[in-house]
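Asker: Below you will find the structure I want to go over with you.
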Amino acid sequence: MASIRELHTQLIKKERSAVEITQEAIERIQAIEPKLHSFLCVTAEQALTQARNVDAKIAAGEEIGILAGIPIGIKDNMCTKGIPTTCASRILENFVPPYESTVTQKLADAGAVMVGKTNLDEFAMGGSTENSAFKLTGNPWDLSRVPGGSSGGSAAAVAAGECVVSLGSDTGGSIRQPASFCGVVGMKPTYGLVSRYGLVAFASSLDQIGPFARTVEDAAILLQAIAGHDPKDSTSLKVQIPDYTANLKPDFPKGKLKIGVIKETFGQGLDSQVEEAVKAAIEQLKELGAEIQEISCPRFRYGLPSYYVIAPSEASANLARYDGVKYGYRAPDADNLISMYSRTRAAGFGAEVKRRIMIGTYTLSAGYYDAYYLKAQKVRTLIKQDFEKAFEKVDVLVSPTAPTTAFKAGEKTADPLSMYLVDLMTIPVNLAGLPGLSVPCGFDNNGLPIGLQLISNVLREDQLFQVAYAYEQSTTWHLRTPQL
């Protein structure tokens with residue numbers, strides 16, 4: 001499938017219609033979904049209606065926005081009015097929201113065509129999309145391997161050409177890690193840049209919606225459409241949104257861009273082929289005119305334990321609302337209220353969600369709050385300070401996105417700790433509320449994609465896109481596509 005800009009040009013020149021483009025996406029979904037399983041719900045009728053509206057505007061001589069008529073996938077933890085939003089959980093299996101999330105409303109207003117809701121780890125808790133209650137999504141490069149998580153369905157759908165771009169959510173790496181595993185671009189914006197209104201909460205101080213795309217420019221265009229202040233979200237930032245595509249150039253002014261390599265992200269635990277590819281990418285950035293220096297973020301390694309106290313704590317509070325009373329699944333034949341609560345939650349939640357609720361409830365309990373939760377929040381502040389010191393010296397930080405390439409399905413399900421380690425590189429960015437981006441930077445000997453993570457200071461998404469674009473245009477990794 002062509003890029004957003006190419007499709008937009010075809011539409012306004014009337015070389016193709018929005019219905020034709022949408023139909024092509026739907027046919028692609030129908031052809032490969034039986035083996036890929038990236039969608040939980042395909043909204044073909046609604047998509048074609050949206051496409052016809054775009055064609056009608058073009059026929060009437062009206063101007064259309066750049067996203068008009070573009071097929072988009074939406075992670076199934078963003079509320080869509082009249083369309084099921086399940087969070088890949090049995091407890092919300094029949095939930096149909098009565099309202100629209102801000103991001104999906106913005107996309108609808110822009111004329112984008114939603115082709116379906118994509119699979120995820122239940123309530124976005126996981127790093128492989130194996131925790132979905134409904135289906136197991138494959139990696140388009142090797143169907144026996146995972147696409148990453150929790151936004152695995154959104155990443156796989158873009159990589160496989162089922163949609164042009166998609167939206168995911170990132171709490172501890174859930175956009176960047178699957179982007180790395182599936183060989184696409186994934187961006188986690190600054191916390192508060194994109195409204196969380198209508199995003200089903202996992203960990204409210206960490207969750208952020210962001211784009212998946214096959215190219216950096218497409219990711220920039222999609223972020224442009226969804227970013228901005230929203231009075232419905234109390235954490236939404238009141239800032240001017242720049243044109244993220246304005247300064248996308250194939251190189252940097254020599255000596256003006258300083259890139260820091262986070263030394264703590266290399267060494268033990270990092271796959272040798274990933275290390276080799278990332279170091280080659282850093283050399284490429286140097287050739288493009290960047291000044292490279294090593295940077296130490298000494299508390300980076302404490303991100304993982306801090307995150308797995310803070311995120312489950314917030315999850316235990318957020319998921320308390322699923323009790324069988326107001327909406328969602330309710331267990332039958334309960335004798336009393338307490339029995340109904342416990343039976344509903346026992347049957348409705350999967351193992352990983354229960355594990356995190358229990359961890360969070362424990363760390364927030366009266367005797368352990370200071371020892372765990374409060375201490376984790378203090379470490380979070382120290383990690384943020386490490387980043388602040390780093391950005392006094394450099395403009396952008398780089399690291400591997402994930403320590404390995406995509407692993408086999410079932411390989412880590414019996415060992416939750418090894419699964420958590422997959423997010424080692426991405427979690428500190430969420431704890432600090434910074435923007436991070438993963439861009440393809442190579443392939444291992446099994447033909448599996450490798451991602452390079454770029455991190456910038458708060459609200460410097462424009463800088464991330466500039467660096468990522470220059471790197472992307474100097475390589476051919478983004479031109480490779482999986483053969484499905």
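The values are calculated or read from the model by the stated rules, or taken from the named source; none is laboratory data. Predicted model, so just to flag it, every value in this text is computed and none were measured. Please note: Cβ atoms are built from the backbone with ideal geometry, for glycine as well, and neighbour counts cover all protein chains shown. Only protein heavy atoms, including side chains, enter the accessible area calculation; ligands, DNA and RNA are left aside. Shrake-Rupley method; radii C 1.70, N 1.55, O 1.52, S 1.80 Å.
Asker: In what sequence, highest mean first, do 46-56, 101-111 appear when ranked by Cβ atoms within 10 angstrom? Numbers along the way, then the final one.
Answerer: On the way: 46-56: 18.9, 101-111: 21.1.
Top to bottom by mean Cβ count within 10 Å: 101-111, 46-56.
Asker: Something else about it: Once you sort the root eigenvalues of the Cα gyration tensor of the stretch 340-484 as a ≥ b ≥ c, which label holds: rounded (a/c under 1.5), prolate (a/b larger than b/c) or oblate (the other case)? Walk me through the intermediate numbers first.
Answerer: Details: a/c = 2.73, a/b = 1.34, b/c = 2.03.
Oblate shape, in that a/c is at least 1.5 and b/c is the bigger or equal ratio.
Asker: Mind checking which of CYS182, GLY126, LEU288 is farthest towards the positive end of the chain's charge dipole, using Cβ charges of +1 (Lys, Arg) and -1 (Asp, Glu) about the Cα centre?
Answerer: Of CYS182, GLY126, LEU288, it is GLY126.
Asker: Based on DSSP H runs of at least 4 residues, each adding -39500 (n - 2.57), what is the mean residue ellipticity at 222 nm of the chain after dividing by all its residues, to the nearest 500 deg cm²/dmol? Working shown, then result.
Answerer: On the way: 15 runs with 176 residues, N = 484.
That calculation yields -11000 deg cm²/dmol at 222 nm.
Asker: Taking all protein chains as present, what is the carbon and sulfur share of the accessible area of the stretch 100-197, in % to the nearest whole number, probe 1.4 Å? Walk me through the numbers on the way to the answer.
Answerer: Details: 660 of 1370 Å².
Carbon and sulfur atoms account for 48 percent of the accessible area of the stretch 100-197.
Asker: Would you list TYR191, TYR471 from the most to the least accessible area, probe 1.4 Å?
Answerer: Values: TYR191 55, TYR471 5 Å².
Accessible-area ranking of TYR191, TYR471, largest first: TYR191, TYR471.
Asker: Here's another thing I want to ask about it. Suppose each label sits 7 Å from its Cα in the direction of the beta carbon; what would the LYS14-ALA31 distance come out to in nanometres?
Answerer: 2.9
Asker: So, by mean Cβ neighbours within 10 angstrom, what's the order for 121-131, 7-17 with the highest one leading?
Answerer: 121-131, 7-17
Asker: ARG145's amide H: which non-local residues (gap 5+, or another chain) put their own amide H closer than 5 Å, with H modeled 1.01 Å from N in plane and none for Pro or chain starts?
Answerer: Placed amide hydrogens put ASN139, ALA409 under 5 Å from ARG145.
Asker: With a ≥ b ≥ c the root eigenvalues of the C-alpha gyration tensor of the stretch 119-232, is it rounded (a/c under 1.5), prolate (a/b larger than b/c) or oblate?
Answerer: Values: a/c = 2.21, a/b = 1.30, b/c = 1.70.
Oblate, because a/c is 1.5 or more while a/b does not exceed b/c.
Asker: To the nearest 20 Debye, how big is the dipole of the chain about its Cα centre, given +1 on the beta carbon of each Lys and Arg and -1 on that of each Asp and Glu? The partial results should precede the final answer.
Answerer: Working: 48 positive and 52 negative charges, 161 e Å.
Here the size comes out at about 780 debye.
Asker: Ignoring ligands, DNA and RNA, please state the percent of accessible area on the stretch 404-459 from carbon and sulfur, probe 1.4 Å. Mind dumping the intermediate values first?
Answerer: Numbers: 880 of 1630 Å².
Carbon and sulfur together cover 54 percent of it.
Asker: Keeping every protein chain present and rolling a 1.4 Å probe, give me the accessible area per residue for the chain in Å². Numbers along the way, then the final one.
Answerer: Numbers: 18450 Å² over 484 residues.
Per-residue accessible area for the chain comes out at 38 Å².
Asker: Can you send over the solvent-accessible area of PHE391, 1.4 Å probe, protein chains only, in Å² to the nearest 10?
Answerer: It works out to around 30 Å².
Asker: Still on this structure, I have one more. Round to a whole angstrom and tell me the spacing of the C-alpha centers of the stretch 114-129 and the stretch 319-382.
Answerer: The stretch 114-129 and the stretch 319-382 have Cα centres separated by 20 Å.
Asker: Would you mind counting up the charge near PRO298? Only other residues with Cβ under 12 Å from its Cβ, with Lys and Arg at +1 and Asp and Glu at -1.
Answerer: Working: positive: LYS263, ARG299, ARG301, LYS389; negative: GLU264, ASP386.
Spelling it out: positives minus negatives among the neighbours equals +2.
Asker: Step through the residues of the stretch 82-95 one at a time and calculate ³J(HN,Hα) from phi using the Karplus curve (6.51 cos²θ - 1.76 cosθ + 1.60, θ = phi - 60°), rounding each to whole Hz and writing x for Gly and Pro.
Answerer: x, 10, x, 10, 9, 6, 6, 10, 4, 5, 10, 3, 10, 7
Asker: Which one, GLN46, PHE387, SER272, projects farthest toward the positive side of the charge dipole computed for the chain from Cβ point charges (K/R +1, D/E -1)?
Answerer: The residue sitting farthest along the positive end of the dipole is PHE387.
Asker: Another question, if that's okay. For SER474 and GLN284, calculate 0.36 nm times their separation in residues minus their Cα-Cα distance, and state this gained length in nm to one decimal.
Answerer: Details: separation 190, 0.36 × 190 = 68.40 nm, distance 0.80 nm.
Between SER474 and GLN284, full extension yields an extra 67.6 nm.
Asker: Counting pairwise Cα distances across the stretch 371-428, what percent come out greater than 16 angstrom? It would help to have the intermediate numbers written out before the result.
Answerer: Working: 1030 of 1653 pairs.
Considering the stretch 371-428, 62 percent of its Cα-Cα pairs are separated by more than 16 Å.
Asker: Multiply the residue separation of SER234 and ALA366 by 0.36 nm, subtract the distance between their alpha-carbon atoms, and state the gained length in nm to one decimal. Present the calculation step by step, with values, prior to reporting the outcome.
Answerer: Numbers: separation 132, 0.36 × 132 = 47.52 nm, distance 2.80 nm.
Length gained, SER234 through ALA366: 44.7 nm.
Asker: A further question on this structure: Find how much the distance from LYS81 to ASN336 grows on full extension, using 0.36 nm per residue of separation minus their present alpha carbon separation; answer in nm with one decimal.
Answerer: Working: separation 255, 0.36 × 255 = 91.80 nm, distance 3.29 nm.
Between LYS81 and ASN336, full extension yields 88.5 nm more.
Asker: Here is a follow-up. Please report the carbon-and-sulfur percent of the accessible area for the stretch 251-330; probe 1.4 Å, protein heavy atoms only, DNA, RNA and ligands left out.
Answerer: Working: 1890 of 3990 Å².
C and S atoms contribute 47 percent here.
Asker: Determine the sum of side-chain charges near TYR420: Lys and Arg each +1, Asp and Glu each -1, restricted to other residues whose C-beta is under 15 angstrom from that of TYR420. If you can, show how the numbers build up before the last one.
Answerer: On the way: positive: ARG301, ARG355, ARG356, LYS412; negative: ASP121, GLU130, GLU352, GLU411, ASP415, ASP423.
Overall, the nearby charge balance is -2.
Asker: Net charge within 11 Å of GLY228 by Cβ-Cβ distance, Lys/Arg positive one each and Asp/Glu negative one each, not counting GLY228 itself? Present the calculation step by step, with values, prior to reporting the outcome.
Answerer: Values: positive: LYS106, LYS238; negative: ASP230, ASP233.
Its environment carries a net charge of 0.
Asker: In whole Å, what three semi-axes, largest first, describe the equivalent ellipsoid of the chain built from its Cα gyration tensor (square root of 5 times each eigenvalue)?
Answerer: Working: eigenvalues 194, 177, 84 Å².
Working through the eigenvalues yields semi-axes of 31, 30, 20 Å.
Asker: Can I ask one more? With 5 Å bins from zero, work out the P(r) of the stretch 257-410 over every alpha carbon pair and list the percent per bin.
Answerer: 2, 8, 12, 12, 13, 12, 11, 10, 7, 6, 4, 2, 1, 0, 0
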